[in-house]
Structures are given as C-alpha cells and as structure tokens.
Amino acid sequence: MKPIRYTEKMVNEFLKDGYWTQETFFDFYERNAKELGDREALVDSRYRVTWAEAKRLADAIAMLWVEMGIPKFSRIIIQSPNSVYGFLSRIAAERAGLISLTVYPYLRERELEYMVERTEATAVVIPSIYRKFNYLEMYRGLKERFKSLKYIFLFDDTVPEGAPSDTYSLTTMAKERAEKDIDLEELQKRRLDPLWNVAILTTTTGTTGLPKLVEWPIAPRLCTSKARVDIWSLTKDDITMAIAPHAGGAAGTLTYFAAPVVGAKTVMLEEFSPEGALELIEKEKATAIGVVPTHLVRMLDAGVDKYDMSSLRFIRSAGGYLSPQLAQEAEAAFGAVITSDLGTQDVGSISGCRVEDPPELRRRTVGRPLPGNRVRLLDEDGKEVPEGEPGQLWFRGPHSPAGYYRDEELTSTVFDPEGWATTGDIVRWEQGCLLIMGRAKDMIIRGGQNIYPAEIEGLLNEHPKVASVAIVGYPDKEMGERACAFVVPKPGETFTFDEMVDFLKSKKLAMYKLPERLEVVDQLPTVGDSGKIDKKVLKKQLEEKPIK
C-alpha cells in the first residue's frame with residue numbers, strides 16, 4: 001500500500017540526505033538477537049523475554065499469521081495494555097507485512113467500529129478482559145457487523161468458553177509455533193518497503209469526536225527514533241519503562257520505537273498507580289521513563305523519597321503541558337533530568353531538548369528542531385515574523401507522516417504540496433530553541449489583543465498553592481472573549497480570585513492578560529489516559545455555568 005502524500009522527489013531528497021534508510025524496526029530485533037541475544041529485551045509482570053526470545057516469538061507470530069492466510073498489507077488492530085505480547089504483536093505485524101493500528105485500551109465501541117470499518121481490519125489482538133471491561137464481548141459485536149473482521153487473537157493463555165469463531169490464544173500459539181522451524185524466505189517476501197509501503201497507522205482526535213487515522217511508512221518513524229536516541233544519549237545499557245500507554249507517544253516513542261534501535265531493555269507497567277510505578281522503577285532499576293505530566297504529579301504526591309530512584313537518568317514527559325515549576329520539583333525529587341519536545345500524530349515530530357541542556361531550556365522550551373527539519377514562524381498573513389517575535393509554527397522535514405489514511409482531501413488541508421505543515425502552536429525562538437506561547441486555536445482574543453493561555457498557565461503553575469491549571473476563553477459581548485482560569489489547588493490549600501490576580505500582577509503580566517474568572521476544581525478533565533487536558537469539556541462547563 002503506497003503512502004498517499006510522498007512523491008519521488010521528496011523520498012529521494014530524504015534518502016539522499018541520509019535521514020531515511022532501507023531499514024525496518026524488525027532489523028534491529030534481528031541485530032539485537034545476534035549481538036545481545038542473552039540480554040533482556042522486554043519485561044512485564046508475567047514475562048521476561050531476551051532479545052533472542054523476542055526475535056523468535058516475533059517470527060513465530062508472524063509465521064502464524066502468514067500460515068493462516070492473512071494477506072500482506074492486511075490491517076490488524078492491536079488494543080493492548082502495556083505488555084510484552086503487546087510489543088511482540090506490533091513487531092510481528094511488521095514482520096508479516098501487515099499494517100498495524102495500535103490503539104489505547106480505553107477506546108470503546110463507537111471509536112472502534114469506525115476504525116474497523118475505515119481500515120477493513122482483518123484481525124484484532126486484545127485481552128479478553130482488562131480493568132473489568134469485556135473486550136471480547138465488544139469485538140464479538142463488531143465481528144458480527146463487519147465481515148472483514150475474521151480473526152480475534154487474545155493475550156490470554158486460554159480461549160474463554162463460548163468465544164466467537166476464529167478466536168485464538170496468541171500467547172499459546174506463539175509458544176508452540178516458536179518450537180518449530182520458521183520459513184525465513186517466506187517472511188522475507190512479506191518485508192515491507194520502508195519508503196513506499198504504509199506500515200503503521202496511528203490515531204489522533206478528530207473534530208467530530210471520532211479518531212482520525214494517520215498513515216506511516218517505517219522510514220520517517222525510524223528517522224525520528226534515531227533522533228530521539230541521539231538527544232537522549234540512549235544506549236544498550238539503558239532500561240526504559242512505559243508508564244504511560246505504549247499506544248501513545250509519551251511512552252511509545254521511548255520504549256517501542258527508540259529502545260530497540262540501541263538494544264535497550266523495556267519494562268512495562270500494565271496499570272498505573274503512583275506507588276506501583278515507583279516500586280517498579282526501584283525494582284527494575286529503570287534509567288528512563290515515559291510519562292504524561294499527570295503521572296508525575298501523582299507520583300510526587302505519593303512520596304518519591306520512600307523509594308530508591310538512584311538508577312533513573314531522565315524522564316520523558318509528553319502528552320500535556322509540563323510547567324517549569326513541576327519539572328523542577330520532579331527533577332529534585334527523582335534526581336533525574338526531564339526532557340521536553342514537540343510533535344503531534346497529525347504532522348510528526350518537530351523538536352526536542354537534549355538531556356545535557358541547561359535546566360532553563362529543558363523546562364521552558366521544547367528544544368531545537370530535529371535533524372532535517374526546517375522551521376518558519378509566520379504571522380496571520382503568512383509572512384515571517386521579525387526575530388524574537390511570536391508566530392505560528394510551520395515546519396517541513398523527514399519526521400512527518402504520509403497523511404491521513406486513504407484520504408487525500410483531508411491530507412491536503414494539513415500538508416501543502418511542498419510538505420509544509422503547522423502544529424497550530426504560537427512559538428518564539430529562545431537561544432535557538434522553540435518556546436511555546438500557546439495554540440492558535442486556544443488563543444484568546446480579548447478586545448483585539450491576543451492572550452496565549454500557555455503563558456498564563458506557566459506563571460500560575462509557579463504559585464505555591466497551585467497543583468495544576470488550565471486557561472480557556474469564554475464569550476463576552478463587550479470584549480469578544482475573556483479568560484477563565486480553572487485551578488486545582490494542592491491538597492489542603494484554598495485559592496482565591498484575589499490571590500490569583502495579585503500573584504500575576506507581581507509577575508508584571510499585562511493587565512489585559514489577567515483571567516477575569518476563576519473556577520476552583522478538584523481535577524481537570526483529560527482525554528482518556530493521554531493526560532492531555534480536555535479544554536473542550538472546560539469550555540462546555542463555562543457555557544452551562546452562569547457567571548457569579
């Protein structure tokens with residue numbers, strides 16, 4: 001299946017410049033099996049798998065799917081908690097020449113029926129039950145409605161009685177098939193072209209509430225993985241850990257995509273609790289963890305000093321705004337540096353901080369553009385802004401996806417013919433790094449003056465009583481829009497409107513930027529397990545709640 005956006009000129013450009021290669025992710029599993037075969041590769045609460053075992057099991061799963069007659073380029077949905085077999089399913093799909101769509105465990109029938117129908121998925125890989133939810137029953141209904149969906153593979157060792165036809169235990173079948181010879185020549189025929197075949201689908205939130213599907217060949221994902229390896233100084237001696245779901249970028253980029261490139265081990269936390277995460281870091285001597293800011297807050301509240309964090313080298317936080325204050329607090333508590341970066345599923349990866357960068361850059365900016373990326377900051381008329389001024393970020397480079405799955409029209413609304421796209425962020429340069437001021441769509445225009453929520457959120461997060469904050473706009477007849485601050489106070493604290501205003505005035509903030517409404521809440525709504533604050537929910541709450 002050819003990527004819809006890439007042209008010969010574009011592919012040859014990135015190939016010639018060395019950003020794209022003919023390598024696949026499975027190539028690194030194969031290399032690691034030869035060079036690091038006895039070293040552990042993947043660990044969860046049930047399994048500890050070496051690189052040699054991981055390669056053998058991935059070959060076995062891929063061979064099973066080939067022998068069952070699943071055609072090359074078939075789509076397979078992997079709805080997996082953090083687990084060894086979740087990872088093995090993903091790499092086995094690549095090995096078998098299948099196009100994998102890895103989705104969050106929290107997605108339910110409404111989103112999944114769209115995915116199954118849109119991709120015409122042939123198979124799914126799921127737990128039968130997870131967090132007391134019956135996935136098998138959900139997919140039974142989907143299987144009855146969508147004729148393309150033929151196979152259900154379970155992470156369970158046995159198939160429950162009364163399961164739909166063509167339901168199999170992936171773990172049992174994989175172990176049995178791994179004891180037999182593998183037809184390596186047949187698997188070689190299934191090899192995906194890293195440049196010209198779609199290999200991976202990812203999801204991103206759509207304006208209708210239904211997910212959009214983004215298609216990726218292997219080359220751009222591997223390009224980004226190598227760039228992350230470099231800025232994180234990742235080596236085979238690192239022990240990475242997925243605390244956030246591996247289906248998303250916060251943990252997935254570090255663990256599934258980057259770790260195999262250098263042969264680093266990955267440990268998986270299946271279900272988050274702050275105590276469970278801290279215990280696992282201590283037990284497995286993790287050196288790098290992938291989290292969303294919510295995880296950091298909850299671990300700090302649980303008391304990091306009760307655990308031995310001496311192994312931890314860096315923390316990859318993504319999927320939501322991380323205030324400089326929280327970053328500083330976390331670095332002090334964990335004894336590890338925090339890196340930040342910028343990227344989206346829709347347009348790809350843009351920038352990142354190096355682990356050795358000074359604290360003020362790592363905490364306040366999203367780093368320098370990744371190798372090969374070109375960046376422009378444009379005003380509302382599409383002209384480049386003067387140096388030091390904020391502008392909307394546009395970029396072009398080898399770290400971008402091919403576009404939206406089989407949808408040239410939607411893709412053309414995001415990427416221009418030359419490959420330029422925007423994240424929608426308003427940014428400015430600071431010491432060669434990108435500093436985010438806010439998102440263009442979140443920008444509040446009060447009486448013709450622009451208010452960037454991230455700027456105010458960053459300041460309020462420094463208040464000693466504030467645990468987390470979100471700034472959203474609400475309609476106003478006189479000014480067009482005004483700003484409201486949603487604040488979660490720290491445990492045992494109260495926070496008043498006057499305290500907020502006095503604090504922001506002490507920061508020399510322009511008067512028009514001061515929030516004119518305060519809502520004190522127990523928690524901020526997030527988008528599933530991603531940790532991203534759902535500002536749509538907050539705006540709806542404002543619409544439904546009269547101003548006091």
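The values are calculated or read from the model by the stated rules, or taken from the named source; none is laboratory data. All values reported here derive from a predicted model rather than from experimental measurement. Glycine also receives a Cβ, built like all others from the backbone with ideal geometry; neighbour counts cover every protein chain displayed. Remember, those area values only see protein heavy atoms, side chains included, never the ligands or the DNA or RNA. Shrake-Rupley method; radii C 1.70, N 1.55, O 1.52, S 1.80 Å.
Once the Cα atoms of helix 25-35 and of the chain are each reduced to a long axis, what angle between those two axes, in degrees from 0 to 90 to the nearest 10, is obtained? For helix 25-35, the angle is close to 70 degrees. Based on the Stokes-Einstein relation at 37 °C and a viscosity of 0.692 mPa s, and on the Kirkwood radius from alpha carbon pairs, the chain is assigned a translational diffusion coefficient of 135 µm²/s. The angle between the Cα long axis of helix 218-232 and the longest principal axis of the Cα atoms of the chain comes to about 60 degrees, rounded to the nearest 10. Restricting the range 370-478 to GluC sites (Glu not before Pro) that sit in a DSSP loop and have at most 10 other Cβ atoms within 10 Å of their own Cβ leaves Glu380, Glu387, Glu418, Glu478. Each of Lys441, Lys465 has its accessible area taken with a 1.4 Å probe; listed largest first, they run Lys441, Lys465.
In this Cβ point-charge picture (+1 for Lys and Arg, -1 for Asp and Glu), the range 151-203 has a dipole of about 240 debye about its Cα centre.
Students often get this wrong, so check it: of Lys2/Lys383; Lys226/Lys383; Lys441/Lys507; Lys477/Lys505; Lys9/Lys535; Lys465/Lys532, which have C-alpha atoms separated by over 31 Å? Lys2/Lys383; Lys226/Lys383; Lys9/Lys535, as the Cα separations exceed 31 Å there. Any chance you could give the angle, 0 to 90 degrees and rounded to 10, that helix 274-284 forms with the longest Cα principal axis of the chain? Once rounded, one gets 50 degrees. Projected onto their three principal axes, the Cα atoms of the range 340-479 cover extents of 46, 46, 31 Å, largest first.
Given a Förster distance of 41 angstrom, what is the FRET efficiency for Lys383 paired with Gln523, based on the Cβ-Cβ distance and rounded to 0.05?
0.50
For the range 430-548, the fraction of 1.4 Å probe accessible surface lying on carbon and sulfur atoms is 51 percent.
Per residue, the range 289-417 exposes 42 Å² of accessible surface when a 1.4 Å probe is rolled over the protein heavy atoms with every protein chain present. Expressed as a whole percent, the accessible area of the range 196-277 that falls on carbon and sulfur atoms is 52 (1.4 Å probe). Here the range 253-305 and the range 65-135 have alpha carbon centers that stand 24 Å from each other. Taking every alpha-carbon pair within the range 87-146, the share separated by more than 16 Å comes to 45 percent.
Nonpolar atom fraction for the range 67-185, defined as the carbon and sulfur part of the 1.4 Å probe accessible area, stands at 47 percent. Computed about the Cα centre, the dipole magnitude for the chain is approximately 400 debye when only Lys and Arg (+1) and Asp and Glu (-1) carry charge, each at its Cβ. Sorted largest first, the principal axis extents computed over the alpha-carbon atoms of the range 453-548 equal 36, 36, 24 Å.
Just the number please: accessible area per residue for the range 235-288, 1.4 Å probe, all protein chains included, in Å².
For the range 235-288, the per-residue accessible area is 26 Å².
When shorter helices are ignored and each DSSP H run of at least 4 residues is given -39500 (n - 2.57), the per-residue value for the chain at 222 nm works out to -9500 deg cm²/dmol.
The P(r) of the range 383-442 has a tail past 15 Å containing 57 percent of all C-alpha pairs. Spin-label model, Thr172/Lys34: points 7 Å from Cα along the beta carbon direction are separated by 3.6 nm.
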